[in-house]
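The values are calculated or read from the model by the stated rules, or taken from the named source; none is laboratory data. Just so we're clear, the structure is a prediction, and the values are computed from it rather than from any experiment. Glycine also receives a Cβ, built like all others from the backbone with ideal geometry; neighbour counts cover every protein chain displayed. The area values use the complete protein model at the heavy-atom level, side chains included, leaving out ligands, DNA and RNA. Shrake-Rupley method; radii C 1.70, N 1.55, O 1.52, S 1.80 Å.
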Amino acid sequence: MLIHVNQEDRQFHLTNGQISYIFHVMKNGQLGHLYYGKALRNRDDFSHLQVYDVPTGATTHVYADDPAFGLETLRQEYPAYGNSDFREPAISVSKTTANHVPHFTYDSYQLLDGKPRLEGLPATYTEEQHEASTLQITLKDEFLQAELLLNYTIFRDKPAITRSASLKNLGTGELVIDRFMGASLDLPDKDFTMIHLAGTWSRERHVKERKLETGIQSIFSLRGVSSHHHNPFLALQRPEATEHTGEVYGFNFIYSSNFLMQIEVDHYDMARLTVGIHPFGFKWNLKPQASFQSPEVVMVYSDQGLNGMSQAFHTLYREHLIQGQWKKAVRPILINNWEATYFDFNEEKLVEIAKSASQLGIELLVLDDGWFGKRNDDTSSLGDWHVDLNKLPNGLESLAMKITETGMKFGLWFEPEMISPNSELFREHPDWAVGIPGQHYTLGRNQLVLDFSRPEIVDYLYEKMSAIIKQTNLAYIKWDMNRNITEAFSQKLAVHEQGEFFHRYILGVYALYDRLTSEFPNVLFESCAGGGGRFDPGMMYYAPQAWTSDDTDAIERLKIQYGTSFAYPVYSMGSHVSAVPNHQTLRTTPLQTRANTAYFGTFGYELDPVKLTEEERIEIKEQVAFYKQHRELIRDGHFYRLLSPFSKNETAWMVVSQDQSEALIGWYKVLATPNPKKQQTLRLSGITASNMYKVAGSERTYYGDELMNVGLPLPTEFNGVNGGSAERGGDFQSQVFYLQQIEG
Ligand code: GLA
């Protein structure tokens with residue numbers, strides 16, 4: 001058990017030797033927070049950690065005889081508003097018939113080995129009971145007749161804690177929930193830089209930083225998806241911390257719809273972090289005996305800088321979020337026909353691509369958008385999930401067979417959550433679209449959204465998709481979602497229930513994913529939302545990889561993949577080599593650089609192999625072989641960011657095997673430097689100082705400490721006169737190095 005309980009003083013200490021999380025029951029029966037950070041030794045009583053002093057000036061206090069006990073200055077676990085705490089709360093819930101300030105007081109606790117699953121929601125899980133311990137605290141509000149359950153799980157060998165909350169209505173009347181966060185955390189000071197990932201279509205998850213200041217700072221989505229614009233990730237970095245050293249707290253929300261992550265810094269510089277479903281537009285009617293479960297918040301702590309934080313997320317997700325065989329199986333190198341043909345293809349063309357790609361060693365062909373209905377552009381047919389016999393007159397089954405005969409597996413693109421106004425499905429079921437009948441429907445990419453809050457619609461999609469999976473013996477599905485949700489109303493919900501729409505919608509998406517992945521565990525799912533518009537841990541629970549961005553430009557991808565790596569394992573990032581000039585930026589980069597960037601992800605191609613020159617084919621064959629040789633290392637290794645594309649003309653990162661016997665290093669330089677420095681080196685990280693390493697392709701050997709402190713020598717750069725002896729030069733240069741330990 002990783003949890004110590006002092007029953008008498010009602011104190012709880014979650015610790016695994018790496019981190020400690022401590023809280024207690026305060027004298028008014030509510031939970032007070034005491035500490036979260038690097039592990040502390042356990043002791044009987046931690047109550048002295050509570051800051052307890054009479055505040056000055058106009059303030060409020062709970063008891064007449066104890067002016068120091070005011071909720072305004074006490075750190076809490078799951079606060080409410082309306083008492084003496086004036087900060088934004090974790091919970092807001094009311095009766096429809098009477099007024100009341102929520103007052104949940106401690107009732108009992110329960111300890112569990114392992115971690116229970118959250119029904120209907122993606123969440124981290126354990127396979128063996130010893131992998132984690134769970135503490136469940138029950139609080140009650142007698143007036144509301146409601147029970148609040150707070151879940152805390154600490155993992156045995158990871159600096160990670162997960163939290164969630166659920167509320168049960170024990171009374172006979174309805175309760176209305178207006179705000180119900182997954183977690184709230186009161187930190188003692190504001191001495192942090194907040195790091196988050198922001199962007200838009202084609203430039204997702206750029207790293208943004210700002211110092212915490214008095215007031216509220218937040219990131220959020222109100223788009224019905226986690227969004228391209230803000231990822232549900234946030235880090236708090238101590239001023240002295242770097243990529244490699246110092247304290248960082250990381251937070252991630254396992255949810256794919258509207259979210260809020262905010263930090264409120266108050267007048268005493270305390271910082272309250274709240275993470276949960278965005279309360280704007282949210283209202284849940286909790287029927288008698290019903291429960292509402294919040295999605296889960298992941299919290300990791302690192303005293304080894306931002307890389308330590310990222311590695312904690314990566315290992316947690318690899319081992320306790322990604323499910324089934326995809327935890328370990330190597331993922332196929334794929335070729336996707338989207339940028340090769342867009343909507344313009346036929347069976348012959350696809351088989352030609354498959355044959356040509358198969359000769360290069362590529363393992364899977366993904367037929368993207370345009371194979372169904374009458375979809376020759378993006379104005380029609382979403383919802384009509386039957387093959388377009390004009391393009392594929394022999395049907396999908398025949399195509400799948402012909403692709404398989406080339407030695408490739410076969411995958412398909414779907415956009416299950418959508419409906420085109422110009423589709424058979426819409427003509428038959430206009431009420432299936434999200435919106436308000438008779439009023440304006442906003443379009444996004446010419447399409448409307450199917451009402452996934454309705455189980456019968458989810459069932460319909462399940463029938464369509466499962467039939468095609470069986471018919472084609474499908475190996476892979478790219479599940480796309482190409483617009484945000486507007487006029488978010490369901491025709492099946494009453495007016496007072498519409499605040500439930502967004503959450504019910506995403507529960508419908510999760511339910512479909514759950515059914516398909518359970519029935520077809522061998523089908524690999526890749527999530528996608530106009531590129532990286534839903535790259536979040538909720539999706540990762542079902543789909544172990546995600547299309548990182550529609551931007552396939554190798555130089556833009558440096559920023560996108562670098563930012564994404566803050567929270568997500570590189571092996572979850574779909575990253576492909578595409579043709580030049582690049583279709584998103586019109587930039588022309590060397591083929592080698594395109595692969596050197598794409599290697600750090602789940603590798604693939606997004607081009608027409610038939611149009612390649614013989615030289616390019618030879619090069620690509622080598623790339624494919626190289627990736628096959630190293631993909632286990634990329635999947636299982638520790639990822640280190642070395643140089644940031646956001647502050648430098650150079651980017652570098654590396655993956656080190658867990659036993660530190662091998663490493664793969666990616667180094668990239670955007671623009672060439674005239675008359676460059678003579679000896680350029682790259683300082684590495686995470687290898688063993690006393691190990692001797694050899695760099696593939698060179699006879700030189702180095703000790704780990706030399707590589708980390710002096711650096712790995714970079715090949716000689718063209719300087720205007722060294723002509724033939726220069727080993728690299730020009731814009732968009734890059735190099736990937738493979739290090740292997742040797743006997744030294
Ligand atoms: C989205 C995806 C692309 C492609 C197109 C097809 O934009 O992100 O990869 O599948 O849809 O329409």
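Among the strands (runs of 3 or more DSSP E) contained in the range 176-267, which hold 1 or more residues that are of a type outside the set (A, V, I, L, M) and free of Cβ contacts under 8 Å to residues at least 40 places away in the same chain? Output list reads 193-200, 203-211, 230-237, 259-265.
Within the range 489-505, being aliphatic (A, V, I, L, M) and either assigned to a loop (DSSP other than H, G, I, E, B) or under 30 Å from the mean Cα position of the chain (by Cα) (or both) holds for Leu493, Ala494. So, Pro645, is that one touching a residue at least 12 places away in the same chain (Cβ under 8 Å), in contact with a Lys or Arg (Cβ under 9 Å, 6 or more places away or on another chain) and part of a loop (DSSP other than H, G, I, E, B) or not? When the stated conditions are applied, Pro645 passes them. Considering the range 482-497, the residues that are open to solvent by 40 Å² or more (accessible area, probe 1.4 Å) and among the β-branched types (Val, Ile, Thr) include one that is farthest from the ligand (Cβ to nearest atom), namely Val495. Which one is nearest to the ligand (Cβ to nearest atom) among residues in the range 343-366 that are of a type outside the set (Asp, Glu) and within 28 Å of the chain's Cα centre (by Cα)? Ranking the candidates gives Val366 first.
For residues in the range 498-525 being touching a residue at least 60 places away in the same chain (Cβ under 8 Å) and more than 30 Å from Asn285 (Cα to Cα), which is farthest from the ligand (Cβ to nearest atom)? My answer is Pro521. The single condition among (1) under 20 Å from Leu643 (Cα atoms); (2) over 19 Å from the mean Cα position of the chain (by Cα); (3) not in a helix (DSSP H, G or I) that Ala595 does not meet is (3).
Quick check on Glu405: is it open to solvent by 10 Å² or more (accessible area, probe 1.4 Å), more than 14 Å from the ligand (Cβ to nearest atom) and without any contact (Cβ under 8 Å) to a residue 12 or more places away in the chain? Yes: the conditions hold for Glu405.
Residue by residue, here is whether (1) over 13 Å from Ser202 (Cα atoms); (2) more than 16 Å from the ligand (Cβ to nearest atom); (3) open to solvent by 10 Å² or more (accessible area, probe 1.4 Å) holds:
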residue: Gly531; (1), (2), (3): no, no, no
residue: Asp536; (1), (2), (3): yes, no, no
residue: Lys559; (1), (2), (3): no, yes, yes
residue: Phe566; (1), (2), (3): yes, yes, no
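Before we move on, is His583 buried (at least 23 other Cβ atoms within 10 Å of the Cβ), within 16 Å of the ligand (Cβ to nearest atom) and under 19 Å from Ile335 (Cα atoms)? The answer is no for His583. The residues of the range 363-387 that are open to solvent by less than 10 Å² (accessible area, probe 1.4 Å), closer than 17 Å to Lys349 by Cβ and in a loop (DSSP other than H, G, I, E, B), listed by number, are Asp368, Asp369, Gly370, Trp371, Arg375. Checking each residue in the range 207-226 for being crowded, with 19+ Cβ neighbours inside 10 Å and over 12 Å from Leu260 (Cβ atoms) picks out Val207, Leu212, Arg223, Gly224, Val225. Tyr35 fulfils the conditions (1) open to solvent by less than 30 Å² (accessible area, probe 1.4 Å); (2) of a type in the set (Phe, Trp, Tyr); (3) closer than 30 Å to Thr245 by Cα except for a single criterion, (1). All conditions in (1) touching a residue at least 60 places away in the same chain (Cβ under 8 Å); (2) more than 16 Å from the ligand (Cβ to nearest atom); (3) closer than 21 Å to Leu643 by Cα hold for Thr548, with the sole exception of (2).
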